[in-house]
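Report on one structure; see the data block that follows.
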Amino acid sequence: MKILVVDDSFAMRMMVVRTLRQAGFNGKDVSQAEDGAAALEQIRKNPPDLVLADWNMPNMTGIELLETLRAEDNDVAFGFITTESTREMRQRATDAGAQFLVSKPFTAESLEKALNTVVN
């Protein structure tokens, strides 16, 4: 399984990668992108099985990335890991085709629970 972690914070990307390992997703091919625009380029060249994206990023936000992917008929599994999780944001994410939204701060257990709805 190939997972793409998208966040403008290097430290947060490292935290997500570490938490993925703690949640039992060792041995997965994990790549990273610093924003939605870079992620879109990577996805077009080497499609992952799952995208884990922050919502707020420069150049292209996570929701813009998801909406662009869906407009291109790309149905890659997609989830958000973000500090913002209002009911409106959750609804917009669901309407756009996201499988889940995990709020920061997150734990290995909360990430594993969200990922198991997609992976299993």
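For (1) charged (D, E, K, R); (2) touching a strand residue (DSSP E or B) at 6+ places or on another chain (Cβ under 7 Å); (3) surrounded by fewer than 18 Cβ atoms within 10 Å (Cβ to Cβ), each residue gets a yes or a no:
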| site | (1), (2), (3) |
| --- | --- |
| LEU20 | no, yes, no |
| GLY24 | no, no, yes |
| GLN42 | no, yes, yes |
| ASP49 | yes, yes, yes |
| ALA53 | no, yes, no |
| PRO58 | no, no, yes |
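Among the residues examined, GLU34 does not qualify as of a type in the set (Asp, Glu), at negative phi and surrounded by fewer than 14 Cβ atoms within 10 Å (Cβ to Cβ).
The criterion of at least 2 residues that are out of contact with any His (no Cβ under 7 Å at 6 or more places or on another chain), over 26 Å from ASN26 (Cα atoms) and not polar (S, T, N, Q) is met, among helices (runs of 4 or more DSSP H) falling completely within segment 46-120, by 62-71, 87-96.
Picking from residues in segment 1-45 that are without any contact (Cβ under 8 Å) to a residue 40 or more places away in the chain and either in a loop (DSSP other than H, G, I, E, B) or β-branched (Val, Ile, Thr) (or both), the one that is nearest to ARG92 (Cα to Cα) is ASP35.
Only the coordinates and a few stated rules stand behind these numbers; no lab work does. Fair warning: this is a prediction, and the values are worked out from it, not measured in the lab. For neighbour counting, all protein chains shown are included, and Cβ atoms are generated from backbone atoms with ideal geometry for every residue, glycine included.
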